[in-house]
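First the structure, in the form of structure tokens, and then the observations on it.
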Amino acid sequence: MGQKITSFVVTLLLLSISSAAQQGGESTFGILHLTPSARMSALGGHQVALTDNDPSLALFNPALADSSLHKNFSLGYSPYIADINYGYGSFAYDLPGTGTFFAGINHLSYGDIIMADENGEIQGNFSASETVVFLGYSKKLSPLFTAGLTFKPVFSTIETYNSWGIAFDAGVTYHHANGRFHAGALLRNGGRQISSYGETSAASLPPDLQIGFSTQLAHAPFRFSVTARDLLSGSLDYEIPENDYGINVPQPESANAGFGDQLLRHLIFGVEFLPSKNFYVAAGLNPRRRQELRVDSKVSTVGYSWGFGFRVYKFHFAYSSARYHLASSSNHFSITTNISEF
């Protein structure tokens, strides 16, 4: 079984790194690619096979929602980069015999942005924001398999321009009978932009296929997780597009990677220390982030992340820090509680 899973993942990786290069800096609805959960941020940003008493995990794979999340409520906030702020709220409710439902909202504010005309004369300020609503459902297909689906309307505003679209996530998880090994597969952020900004054409949302697993040691409080992502997006080589301002931007060394580097860029690694249900410490490595956002003269801890969580009374608190660049890190704060305990 394990050899078949490994062969399948390697085959998908080989297929994904054989396609054409992408253009850098192009994205529709950037909020869909952010990591609102402190727990997930600490583990590198994406893991599809984690099980825990945290409804925010279902925002990354709907199949992770189950009856253990019944009436769990979670809030999160992140003071991001360059005065960008975003936060989320999520809630889960289980109906015995029917399945687990969850809902949430994630809002991103880009803050005040200087508005200038084509001559560079400042005209004032304007704002920009994006919001995504999560409506999800999961159901056990058998004692070992769970499937889930999330429907995600997305809304975006930039000055007086508006856009909206619909995205979805579809996932499945496998839970070994020993309770320590879990595997997951997820098709994330498929969908389409329905209404575009101004006269621009509406764009489709490229789905992200992710496959991963997590395993906890039998006689030590450690859990390891690995997720392979971007398995449908082609090569992770990229090109900085030409501009109309006569500015020559050289292509960075990381724009074109060798085979081994390409393989690593599809993977995200996480490790957790879990001495009890009331406390954890986590760390992660995102090789793609490390390679693409590094400064060659000083790589430092770019691409690494860490965090911890603990319980006080009826509340679970979590914090994480993810290093995106030498100039900035992203901090995340989350709080979770079960409203039935009050």
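Some values worked out for this structure:
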item	result
Full-stretch length increase - Lys277, Leu135 - with 0.36 nm per residue and alpha-carbon distance subtracted	48.3 nm
The stretch 273-285 - phi-based ³J(HN,Hα) in whole Hz, Karplus 6.51/-1.76/1.60, Gly and Pro as x	9, 10, x, 7, 6, 9, 7, 8, 10, 9, 8, x, 9
Sequence-distant residues sharing a close amide H with Phe222 (under 5 Å, placed H)	Leu217, Leu274
Partners for Lys277 among lysines (Cα-Cα distance below 25 Å; same-chain residues under 8 apart left out)	Lys71, Lys139, Lys140, Lys314
Kirkwood Rh, Cα atoms: Rg over Rh of the stretch 13-162	1.07
Burial order of peptide ranges 146-158, 41-53, 192-204, 210-222 (average beta-carbon count within 10 Å, highest first)	41-53, 146-158, 210-222, 192-204
Proximal charge balance of Ile113 [Cβ under 11 Å; K/R count +1, D/E count -1]	-3
Residues whose placed amide H lies under 5 Å from that of Leu43, excluding near-sequence neighbours	none
Calculated from backbone phi, Karplus (6.51, -1.76, 1.60) coupling profile of the stretch 70-81 in Hz, x at Gly/Pro	3, 6, 7, 10, 9, 10, x, 8, 9, x, 7, 9
Stretch gain in nm, segment Ile122-Asn53, where the contour uses 0.36 nm per residue and the Cα spacing is subtracted	19.9 nm
Spin-label model distance (nm) - Phe222 vs Tyr93, 7 Å beyond Cα toward Cβ	4.2
³J(HN,Hα) computed for each position of the stretch 154-171 - Karplus, 6.51 cos²θ - 1.76 cosθ + 1.60, integer Hz, glycine/proline x	10, 10, 9, 9, 10, 6, 9, 9, 10, 8, 8, x, 10, 10, 8, 10, 10, x
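FYI, it's all coordinate maths here, none of it is from the lab. It should be emphasised that the depicted structure is a prediction, and the values quoted were computed from it without experimental measurement. When we count neighbours, we look across all protein chains shown, and the Cβ atoms used for this are built from the backbone with ideal geometry, even at glycine.
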